[in-house]
1. Please work out if residue 263 is closer than 28 Å to residue 69 by Cα and either part of a helix (DSSP H, G or I) or not assigned by TED's automatic domain parsing to the domain that holds residue 122 (or both).
2. Quick one: which of 248, 200 is within 17 Å of residue 180 (Cα to Cα) and away from the ligand (no atom under 11 Å from the Cβ)?
3. State yes or no: is residue 134 modelled with pLDDT of 95 or more and within 14 Å of residue 254 (Cα to Cα)?
4. What tally of residues in segment 358-392 results from selecting those that are more than 24 Å from residue 221 (Cβ to Cβ) and crowded, with 23+ Cβ neighbours inside 10 Å?
5. Identify, by number, the condition in (1) in a helix (DSSP H, G or I); (2) touching a residue at least 40 places away in the same chain (Cβ under 8 Å); (3) under 22 Å from the mean Cα position of the chain (by Cα) that residue 93 doesn't meet.
6. Check 38, 62 and return the single one that is surrounded by fewer than 19 Cβ atoms within 10 Å (Cβ to Cβ), within 30 Å of residue 388 (Cβ to Cβ) and in contact with a strand residue (DSSP E or B) (Cβ under 6 Å, 6 or more places away or on another chain).
7. Pick out the one residue from 203, 215 that is more than 21 Å from the chain's Cα centre (by Cα) and surrounded by 22 or more Cβ atoms within 10 Å (Cβ to Cβ).
8. Among the residues of segment 39-59, write down those that are more than 24 Å from the chain's Cα centre (by Cα) and not in a loop (DSSP other than H, G, I, E, B).
Ligand SMILES: Cc1ncc(COP(=O)(O)O)c(C=O)c1O
C-alpha cells in the first residue's frame, strides 16, 4: 500500500531501528507497581525497571481507596458503559464526577469525555467556527491542533510562550469572528509552564476567549492543585479548562470545565462526545476517589512531588545533563537526532530505567528528546540512579 511521505518516512525510521536492534517504543509491561515494573526483553524474559514514563504524578493509582472505589463502581454498574451518554450511558457516577470537576475548578459546569484528547478535540471543534481565529502556542499538544483544524477556524500559531507575539497577531488580525487563545498549562514535551499571567492580560485586552489545557498540571500544580492557572494566579480569568483523568487523577478520561452554556453546547453538539461511549464505571470510581484523597492529602503529595521533581532536575544539571526549560515534574532531556534518542532509550532500558522518548512530529525535527515523568513515589535513590545512568548513556552514545 502507498502512504503519504510522512508515513513512509516514519516507517523507514522504524525499519532502521529494527535492523539496528534499538527499537525504543511499545515496551511490553508484564507487571507494574508504583514506580517499578517488569517489562519483556528481546529474548522473551522479563526485566525489572524503574519507571519514569508514568504520569501518575501524585502516586494515587495504587492506593487501596482508589482501587476499591473502582471495584465498587464495577459491582454497581458493571464493567462497561451501557451506551452513549445521551441515550442510557450517563450514570449517577458520571453526574457525580461532573459536579466534582466543576466544583474543583470553581466553574459552573463540566462534562466528561472518553479521553483528554477527545476533550480538546471536542472543545475546540465546537467553540471555534469558520471565520474565528484561534491563536495557539506552536508547542501546544497535537489534540488542540486537531480540534482547531476540525473547527474550520483560522489557526494562528504564536511563538512558544511569547505574549508579545500573541499580542502582535491579535492586533493585526482583522477577521470578523471571535478570537480564541489556547495554551497548555504545563507543556508536556517541554516541561515548562505557560506564561499565563501575560497571556491572560493579552487575551483580555483583545477580548479573546482563553482556553487552558491543564492535562499535566491539574493535581500537581497550584496551592490547591487546580493547575498552572491557579499557580500563576489567573484561574478566574480562564474561560475554558480542559484536562484528563489519565495523569494525576489515577484513571482515564477527559473533561471540559466552563460556563453552563458552553458545557450545554458541547453536550449537545460535540461529535467527540456524542458519538463515543462514555467513561466506564471503574474509571469514574477511581477518579472520584482520587479527588477525595487529594482533598485531604493533596498538600502533602504536591509538596513531595515538587521535592522529587526539583531533586531530579538538580541531579541531572549537576551531572552535566541539559534539561532545557524543565520547571516542574515533567523533565525533558534534549538528545537531538532520532537515532541517538532511540539508542539512549534502549541503553537505559537495558540498565533498568524506563523513560519515554519523544520523536517528531510530537517534537520539532532535530529535537528528539527523553521525557521523565517524576512522581511523588520516586525515592532519592531512584533519582540519583536515573541522573547517573542518563549522563553515562549520553556520554556513551555518540551524537
Ligand atoms: C497536554 C495534553 N493534553 C491532552 C492529552 C490527552 O490526554 P489523554 O491521554 O487523556 O487522551 C495529553 C496526553 O497525553 C497531553 O499531554
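The values are calculated or read from the model by the stated rules, or taken from the named source; none is laboratory data. This one's a predicted model, so the numbers in the text were calculated from it and none came from an experiment. So basically every Cβ, Gly included, is an ideal-geometry build from the backbone, and we count neighbours across all protein chains shown.
1. Working: closer than 28 Å to residue 69 by Cα: yes; either part of a helix (DSSP H, G or I) or not assigned by TED's automatic domain parsing to the domain that holds residue 122 (or both): yes.
Yes: the conditions hold for residue 263.
2. Details: 248 fails: within 17 Å of residue 180 (Cα to Cα).
That would be 200, the only listed residue that is within 17 Å of residue 180 (Cα to Cα) and away from the ligand (no atom under 11 Å from the Cβ).
3. On the way: modelled with pLDDT of 95 or more: yes; within 14 Å of residue 254 (Cα to Cα): no.
Against the criterion (modelled with pLDDT of 95 or more and within 14 Å of residue 254 (Cα to Cα)), residue 134 does not qualify.
4. The first filter runs over segment 358-392 and keeps only residues more than 24 Å from residue 221 (Cβ to Cβ), leaving 359-361, 364-368, 381, 384-385, 388-392.
Keeping just the survivors that are crowded, with 23+ Cβ neighbours inside 10 Å gives 368, 390.
So the count comes out to 2.
5. Every listed condition holds for residue 93 apart from (3).
6. The match here is 38.
7. Only one candidate qualifies: 203.
8. From segment 39-59, those more than 24 Å from the chain's Cα centre (by Cα) are 40-48; that's our starting set.
If the condition is that a residue be more than 24 Å from the chain's Cα centre (by Cα) and not in a loop (DSSP other than H, G, I, E, B), then 40, 46, 47, 48 are the ones that fit.
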